[in-house]
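To start, the structure under review is shown below, and the notes come after it.
Only the coordinates and a few stated rules stand behind these numbers; no lab work does. Nothing here was measured: the structure is a model prediction, and the numbers come from that model. Here the Cβ positions follow ideal geometry from the backbone for every residue, glycine too, while neighbour counts run over all protein chains shown.
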Amino acid sequence: MRILVVEDEPAIGSYIQDCFVERGYSVDWVTTCEQALETAVVEDYDSIILDRRLPDKDGLFVCSELRSQGITVPILVLTALSGIDQRVEGLNVGADDYLLKPFAMDELVARVQALIRRSSYRNQPNLTIRNISLNSLNRNVTVNGEQIPLSNREFLLLEYLMRHADQALTRSQILEHVWETQRDSDTNIVDVYINYLRKKIDVPQKTSNIETVRGFGYRFRYED
Ligand code: CA
């Protein structure tokens, strides 16, 4: 596994690098947005750990640039900025996870491992999480082996949630990816479709695969 660390504070950068190297990762460490972009567009990383307060720009710039170039490498944003707004801001420009400083190294490692594991979901046509299987080629969805008919939009919504399982997604993120629009005023439609999906995949089985994340959005449950 190969990761890129973008961190301008030497003590933190070298600490992260040492800890991941000890665990068998190959680690590149850079200190500015410019260097991060230069390396990340040519190298094939399994994950990027990205500080926000960097000398040249906000680290989120790296995130939005990479996403606009179609680079889907999982990104964990690491920052001292706190609060839900900053978190939402990060996720809306394409970050996959967010960890506040100061952090415990074990937690950082666990989050990065989870990101790498989840990112492998994004490219498999067949995906099974707990009792739900989804096939993106023939658009089949089964729950406990039983085929569930879904509308096109319901399928796209379920696919997006499942390919980002265990990740809290904002309504804007969902809207942007499933409806391909950024009009925030339309987020109500996300709630409507989440309800349609729950009625088809959760209610009959008395399960809760799609969880509400209060004040934030939704998450597809990865573990029981
Ligand atoms: Ca910094």
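General observations
- Scaled radius of gyration (Cα, divided by 2.2 N^0.38 Å) that region 2-121 gives: 0.94
- Segment SER208-ASP18, length gained on full extension (0.36 nm per residue, minus Cα span): 64.4 nm
- Counting Lys and Arg as +1 and Asp and Glu as -1 over every other residue whose Cβ lies under 12 Å from the Cβ of ILE194, the net charge comes to +2.
- Fraction of the pair-distance distribution of the chain above 26 Å, Cα-Cα pairs, percent: 39
- Counted residue by residue at 0.36 nm each, then reduced by the alpha carbon distance between them, the extension gain from ASN152 to SER64 reaches 28.9 nm.
- Sum of side-chain charges, GLU43 neighbourhood, beta-carbon under 11 Å (Lys, Arg +1; Asp, Glu -1): -3
- Note on region 57-125: Cα convex hull, mean projected area over all directions, 5.1 nm².
- Space enclosed by the convex hull of the alpha-carbon atoms of region 126-220, per residue, Å³: 88
- Distance between the C-alpha centres of region 75-116 and region 125-173: 25 Å, rounded to the whole angstrom.
- Between the residues CYS63, ALA40, GLN167, the greatest Cα displacement towards the positive end of the dipole of the chain, with unit charges on the Cβ of Lys, Arg, Asp and Glu, is found for GLN167.
- Packing-based order for 59-65, 137-143, using average beta carbon neighbours within 10 Å, highest first: 59-65, 137-143
- Calculated FRET value between ASP191 and ASN92, using beta carbons and R₀ = 22 Å, to 0.05: 0.75
- Candidates PHE103, PHE155, PHE20, ranked by Gaussian network fluctuation over the chain, Cα under 10 Å, top entry: PHE103
- Sequence-distant contacts, meaning Cα pairs under 8 Å at least 6 residues apart, place the relative contact order of region 55-105 at 41 percent.
- For the chain, modelled as a GNM whose springs connect Cα atoms under 10 angstrom apart, the maximal fluctuation among ARG163, ARG153, ARG87 occurs at ARG153.
- Positive minus negative residues near GLN17 (Lys, Arg vs Asp, Glu; Cβ under 10 Å): -4
- The length gained by stretching the chain between ARG198 and PHE103 to full extension, at 0.36 nm per residue less their Cα-Cα distance, is 30.7 nm.
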